[in-house]
1. Test each condition in (1) open to solvent by 20 Å² or more (accessible area, probe 1.4 Å); (2) touching a residue at least 60 places away in the same chain (Cβ under 8 Å) for GLY439 and report the one that comes out false.
2. Looking at ARG331, ARG338 in this structure, which one is outside any strand (DSSP E or B), open to solvent by 40 Å² or more (accessible area, probe 1.4 Å) and of a type outside the set (Phe, Trp, Tyr)?
3. Filtering region 90-105 down to residues that are of a type in the set (Gly, Ala, Ser) and open to solvent by 10 Å² or more (accessible area, probe 1.4 Å), which residue is nearest to ASN134 (Cα to Cα)?
4. Just the residues that are surrounded by 18 or more Cβ atoms within 10 Å (Cβ to Cβ), touching a residue at least 40 places away in the same chain (Cβ under 8 Å) and in a loop (DSSP other than H, G, I, E, B), please, taken from region 77-89.
5. Consider region 204-233. How many of its residues are modelled with pLDDT under 90 and more than 17 Å from THR158 (Cβ to Cβ)?
6. Please go through region 199-258 and pick out each residue that is polar (S, T, N, Q) and under 17 Å from VAL273 (Cα atoms).
7. Quick check on my filter: what residues within region 390-435 are in a strand (DSSP E or B), within 20 Å of the chain's Cα centre (by Cα) and not polar (S, T, N, Q)?
8. With the structure loaded, tell me whether TRP179 is of a type in the set (A, V, I, L, M, F, W, C) and either at pLDDT below 95 or open to solvent by 10 Å² or more (accessible area, probe 1.4 Å) (or both) or whether it fails that test.
Amino acid sequence: MNILIFIIACQFESPSVNRNPADDSPAQADTQDTAHLPIVEDCEPSNLEFTNLSLLETKVPTVPQVQWEGSAAELHYIDGRGIERIIISQDVGGETQRALPMGLRANQTYNAQLVRKEDGTVVACSEPIALKTNALPAAFPEIDVSVHAKGDDGLIITNILSLDSSFLVAFDGDGEVVWALEEPNQIPEGNHFPVKNILFDSYRQSILFSRWQNTDFCGRDGYLTWVDWAGNMQDRWPVAGLRVGMTQLDNDSLAVLRCDNTGSGFEEDILSVVTADGVEDVWRARDTFPDLTAINPDLSWVHTNYLHRLSQDVVLMSMEQVQTVGAFNVRTNQFVWRLSGKPDEGTYQSAEPLVDRPHSLTPFEDGLLIYNRSSHDNVADGCAHIRYVTFDEQEMTAESPWRLDFDPCSPLGFFGDVITGDSDIIVIWSDKGQINTYGTDDFRENHMQINLPLGYAFTFGDYLSWEDINAFSPLD
């Protein structure tokens, strides 16, 4: 049986408190009584500078498009959490401007107003605008949300996977769906291409996701695809042998993990830099681990899982079969450092094994958060957990100030991710169809839990702060 089908079919049961965002019933108090009130003070509303002002539907039911003819402006509006937001308009050709408000929930009406400024001073504002949102797709699953404490204000971006479709989705700080786009798994010509990984591309201001064909492990086709906030596809790059890991290097290149068995006689992990012009391989597993068959005689690979950008040149990488994480320079084609779960291996040494079949990892404070699939050589007997690891560069040692265990104890059999928000730690537990957020002041305090029903799974995710939305800021 395909492992994807098995995991989704055998997923743990979820709590019983349901929210159905695809239902026609409102998910919050009706805002229509305030939807025609001005937001901006000390400004006489007029549409004279915003001609042909209109509200258009997009492919995303929670993102209406405000469009007009005239100068660039700011869209001021009240979002689903009752917070005033500002979105900067985009020039879409000629004199046409558009603004795509984020943070709205399904089946609601929200108050908005266009504002034009000169040298920071308001010089014009539109009549109040009623932003109307639609229901989520009928196939969108019921989601259980428990909020225990106030968490981050940004958006958690992730992918919901089922046997038939994938949903690219964004949750707000209350666990409510504020962006959702259905991506059928059957593309193209009826082949099965489920979505696997998802990122926010700060340069393109769009969602980047990967998908590949569920066929031969190393011979499958794959794609990197970009969609904007309105759900329109911006670009798609084919990548042969694509695997899970990917991360953005700069505005026109990405680092991705691939697999290859051509000419080698065995399956081999590859780290590649991908641009619109093609794919350049910068590392092969045998460069560091020459005897691959000794590592895993059945598959002959080191099971690279995850990439995370540290700088324009350096990426973090996890390698499960050799119980190793490391930082790799894609320009010099060399490891900067490695940390191993095995004694006397790697650049840094530790008194106890800190790397236990690592899946994902991310920078945190003065060290790393490592999502370990297990805590035992036999994965089925271990517990998935998060390790916080710090490094002493003088002594070349590493230690773990704390460890976050999952309840109930179980190994990670499918995907999983750990990312950081503005102040929270966000953990995606795919096997259980669950997202948990934890406060960094007390990492054991669960701020919020999002649960999927049986038959659905999360894969990976990203966090988007409001400072990054519609604000073109470089990564460095």
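The values are calculated or read from the model by the stated rules, or taken from the named source; none is laboratory data. Keep in mind that this is a model prediction, so the values were computed, not measured. No Cβ is skipped: glycine too gets one built from the backbone with ideal geometry, and neighbour counts run over all protein chains shown. Just so you know, the surface numbers come from the protein's heavy atoms only, side chains and all, with ligands and any DNA or RNA stripped out. Shrake-Rupley method; radii C 1.70, N 1.55, O 1.52, S 1.80 Å.
1. For GLY439, the failing item is (1).
2. Details: ARG338 fails: outside any strand (DSSP E or B).
Selected residue: ARG331, the only one of ARG331, ARG338 that is outside any strand (DSSP E or B), open to solvent by 40 Å² or more (accessible area, probe 1.4 Å) and of a type outside the set (Phe, Trp, Tyr).
3. Quick first cut of region 90-105, residues of a type in the set (Gly, Ala, Ser) only: 93-94, 99, 103.
Next, from what is left, pick out any that are open to solvent by 10 Å² or more (accessible area, probe 1.4 Å): 93-94.
Working: GLY93: 27, GLY94: 29 Å.
Taking the candidates together, the pick is GLY93.
4. Across region 77-89, the qualifying residues are ASP79, GLY80.
5. 14
6. Of all residues in region 199-258, those polar (S, T, N, Q) come to 202, 205-206, 210, 213-215, 225, 232, 234, 247-248, 251, 253.
Residues satisfying the conditions are SER210, THR225, THR247, GLN248, ASN251, SER253.
7. If we filter region 390-435 for residues that are in a strand (DSSP E or B), which is where we start, we get 390-392, 397-405, 416-420, 424-429, 434-435.
Going one step further and asking which of them are within 20 Å of the chain's Cα centre (by Cα), we end up with 416-420, 424-429, 434-435.
Within region 390-435, GLY416, ASP417, VAL418, ILE419, ASP424, ILE425, ILE426, VAL427, ILE428, TRP429, ILE435 qualify.
8. Details: of a type in the set (A, V, I, L, M, F, W, C): yes; either at pLDDT below 95 or open to solvent by 10 Å² or more (accessible area, probe 1.4 Å) (or both): no.
For TRP179, the condition - of a type in the set (A, V, I, L, M, F, W, C) and either at pLDDT below 95 or open to solvent by 10 Å² or more (accessible area, probe 1.4 Å) (or both) - is not met.
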